[in-house]
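Heads up: the structure comes next, in structure tokens.
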Amino acid sequence: MSFHFAYPNVLPKKELFIGCGRYTVAMPGSHPAGDYEEVADAPLTPNKNSLKRAVQLLAPESFDSPNVLFHRQDDNHISYQGDSLDLAWFLAHMLRTYQLRCQPEYDIWATGVVLVDGSGPHLLDVDPAGFTLKIKAFLDKSNPDLLFIVPLANIHPHIRGVCEDHGVAIHRLAGEQTCKFSNLKEKTILAVPADCLQNLLQELFCLPEDSRPRRKKSFRLALLLLLLVVFAGFYGKIYIITWLQDVGAINTSSPPSPPPPPLITAREVLLSLQQGNFSTIPDLSQKKTWQASDDLTALRQRLSRHLQIQGELVYVQENGKEKTCIFPSKSKPPLLTHRDHYRIQIHAVMPPDTLYLYLFQVDSSGSLAAVFPSDQFGTSNPVRPWQWPVTIPAQDDKWIFLDQLPATAQHDLREILYLLVTPWPARDIETLTKDLTEHPDDDAAKAKILFRLSRRKDRFPAMACIRWSFLHGK
């Protein structure tokens, strides 16, 4: 099969489109020609379990198919990741069982986060900056594909303006057969509301009859039946109704009650916290949700406990004079050179039993390095209450030195510190840091780490995320 559900990948900070990942399906025992890898599980996104759960709720038959899902990338030298690829995998999984309403001669682009909460599966928006880059890549004349399926929440006035400039229509999914994608001749964007994933499946695939909306009875037939009942009298009415039930023309039995929405558990919340998937976690103000179990109540209390974190930059100047600068602070940042050396101390006020600390430094050249945890500086997680304050480097005889700026540098540059302290491990950031250690020049991993850190800022009182910088001079 040459058709794919494709998901675009971008580096927002570099304003760069790096290509598409593409899913396709093959019969058992066959392998698509080209550089494809077999996909045995859902992608490793922060909401992997929620994504698989959405498939089970909307189309459990897709797990019974013998057909095999395959994946390839436009560029195999870059890692394509992120929860915005959820929708492409979700639709490709359906392709294992259900046929498309047509066989398009182009790939269908898709982006969006698929999550399940108490009211069922939903399609949520992706990072706005990255979404703009994806739209521009889709609209580029070099791209032959014609259909891009996106979350409705990402369609902002700026996006509409970009599409209007390119003469591209945006269709909102609302009901059956809104977008005749099989007959597309020009680029089209299909915007899907959050609660319309089932409608999207009906739009794209030939689903079983019992999963489609039932057609309304003819008004004329209903009027004829009413007249028969009126003229036949009471006993005749009973006879007619019985006959209609026997032939299946009417059904007087009450429809089965829908299953209750799945309740979130404390374990699911913890997994989401560890993976940085905060969109699946109920707001702390929703007390009813958090009181569904004793574990959830206790977890809410833990998340509501305010964590006070303060850092100190202790540096020794060339003349041997030692100074201290407290951060975060609005005061003027200190100026250090390659002739100075420094260490960092992190203080926690009344910490809970265990905390996890992550510290990254982006130097003046843009390189990102993990300072905590780090084998180089003798630092590791978790941090126990008696281990505060934390000193980096941990060894008393070690300090951190800056590189000498090139002679061509015309002004002072910035060294940026990113500090995260949480009561639970940040598994997504740990995985990305490991990738960065193995591939130091992986710009995609660097961008993802910074993005994951930014998503944690001001998220819960129990979690502290601080960005601070100082000057690097000659």
For this session: Just one of (1) touching a residue at least 60 places away in the same chain (Cβ under 8 Å); (2) farther than 23 Å from G130 by Cβ; (3) not in a loop (DSSP other than H, G, I, E, B) trips up T391, so point out which.
Result: (1)
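Among the residues of the stretch 149-164 satisfying the criterion of being over 18 Å from the mean Cα position of the chain (by Cα) and not β-branched (V, I, T), which is surrounded by the most Cβ atoms within 10 Å (Cβ to Cβ)? Step through it out loud before you land on a result.
Step one: list which residues in the stretch 149-164 are over 18 Å from the mean Cα position of the chain (by Cα), which gives 156-164.
Cutting the leftovers down to not β-branched (V, I, T) gives us 156-158, 160-161, 163-164.
Values: H156: 13, P157: 7, H158: 11, R160: 13, G161: 9, C163: 20, E164: 11.
Among those that are over 18 Å from the mean Cα position of the chain (by Cα) and not β-branched (V, I, T), it is C163.
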Exercise. Can you find even one residue in the stretch 17-40 that is in the same structural domain as G112 (by TED's automatic domain parsing), part of a loop (DSSP other than H, G, I, E, B) and touching a Leu at 6+ places or on another chain (Cβ under 9 Å)?
Worked result: yes
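Yes or no, residue by residue, for (1) crowded, with 19+ Cβ neighbours inside 10 Å; (2) modelled with pLDDT of 90 or more; (3) under 28 Å from the mean Cα position of the chain (by Cα):
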{"position": "L357", "(1), (2), (3)": "yes, yes, yes"}
{"position": "G366", "(1), (2), (3)": "no, no, yes"}
{"position": "T379", "(1), (2), (3)": "yes, no, no"}
{"position": "L402", "(1), (2), (3)": "yes, no, no"}
{"position": "D435", "(1), (2), (3)": "no, no, yes"}
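Being outside any helix (DSSP H, G or I) and among the hydroxyl-bearing types (S, T, Y) narrows it down to one residue among T408, T437, T431; which is it? Talk me through it step by step, then tell me what you get.
Working: T437 fails: outside any helix (DSSP H, G or I); T431 fails: outside any helix (DSSP H, G or I).
Among T408, T437, T431, only T408 is outside any helix (DSSP H, G or I) and among the hydroxyl-bearing types (S, T, Y).
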Problem set entry | Matching entry among E318, E322 (being of a type in the set (D, E, K, R), in the same structural domain as K457 (by TED's automatic domain parsing) and within 22 Å of A394 (Cβ to Cβ)) | E322
For this session: Filter the stretch 12-51 for residues that are crowded, with 16+ Cβ neighbours inside 10 Å and either out of contact with any Phe, Trp or Tyr (no Cβ under 8 Å at 6 or more places or on another chain) or among the small types (G, A, S) (or both) and give the result.
Result: F17, G19, G21, A26, A42, T45, P46, N47, K48, N49, S50
Exercise. Quick check: anything in the stretch 292-300 in a helix (DSSP H, G or I) and under 15 Å from L115 (Cβ atoms)?
Worked result: no
Seminar exercise, completed: Reported set for the stretch 93-112 where residues are in a loop (DSSP other than H, G, I, E, B), touching a helix residue (DSSP H, G or I) at 6+ places or on another chain (Cβ under 8 Å) and either acidic (D, E) or surrounded by 22 or more Cβ atoms within 10 Å (Cβ to Cβ) (or both) is T111, G112
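Which one of these is loosely packed, with under 14 Cβ neighbours inside 10 Å, farther than 29 Å from D165 by Cβ and of a type in the set (F, W, Y): F90, F63? Working first, answer last.
Working: F90 fails: loosely packed, with under 14 Cβ neighbours inside 10 Å.
Selected residue: F63, the only one of F90, F63 that is loosely packed, with under 14 Cβ neighbours inside 10 Å, farther than 29 Å from D165 by Cβ and of a type in the set (F, W, Y).
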Exercise. Within the set of pairs 6+ apart or on separate chains, which have a first residue in the stretch 321-337 that is surrounded by 12 or more Cβ atoms within 10 Å (Cβ to Cβ), a second that is charged (D, E, K, R) and in a loop (DSSP other than H, G, I, E, B), and C-beta atoms under 8 Å apart?
Worked result: L335/D412; T337/E318; T337/K474
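Inspect the stretch 412-419 for any residue being within 14 Å of L368 (Cβ to Cβ), among the charged types (D, E, K, R) and without any contact (Cβ under 8 Å) to a residue 24 or more places away in the chain and give the result as yes or no.
Of all residues in the stretch 412-419, those within 14 Å of L368 (Cβ to Cβ) come to 414-419.
Restricting the remaining residues to those that are among the charged types (D, E, K, R) gives 414-415.
Narrowing further to those that are without any contact (Cβ under 8 Å) to a residue 24 or more places away in the chain: none.
Within the stretch 412-419 (the criterion being within 14 Å of L368 (Cβ to Cβ), among the charged types (D, E, K, R) and without any contact (Cβ under 8 Å) to a residue 24 or more places away in the chain), the answer is no, since none of the residues qualifies.
Would you check which residues across the stretch 416-428 are in a strand (DSSP E or B) and either in contact with an Asp or Glu (Cβ under 6 Å, 6 or more places away or on another chain) or surrounded by fewer than 19 Cβ atoms within 10 Å (Cβ to Cβ) (or both) and list them?
In the first step, residues of the stretch 416-428 are kept if they are in a strand (DSSP E or B); the result is 416-422.
Residue satisfying the conditions is I416 alone.
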Exercise. Among the residues of the stretch 118-141, how many are surrounded by 18 or more Cβ atoms within 10 Å (Cβ to Cβ) and of a type in the set (D, E, K, R)?
Worked result: 3
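Taking I309 as the residue in question, decide whether it is in a strand (DSSP E or B), closer than 17 Å to T422 by Cβ and over 25 Å from the mean Cα position of the chain (by Cα). Step through it out loud before you land on a result.
Values: in a strand (DSSP E or B): yes; closer than 17 Å to T422 by Cβ: yes; over 25 Å from the mean Cα position of the chain (by Cα): yes.
Answer is yes for this residue.
The values are calculated or read from the model by the stated rules, or taken from the named source; none is laboratory data. Just so you know, these numbers come straight off a predicted model, no measurement behind them. Methodologically, a virtual Cβ is constructed for each residue, glycine included, from the backbone with ideal geometry; neighbour enumeration extends over all protein chains shown.
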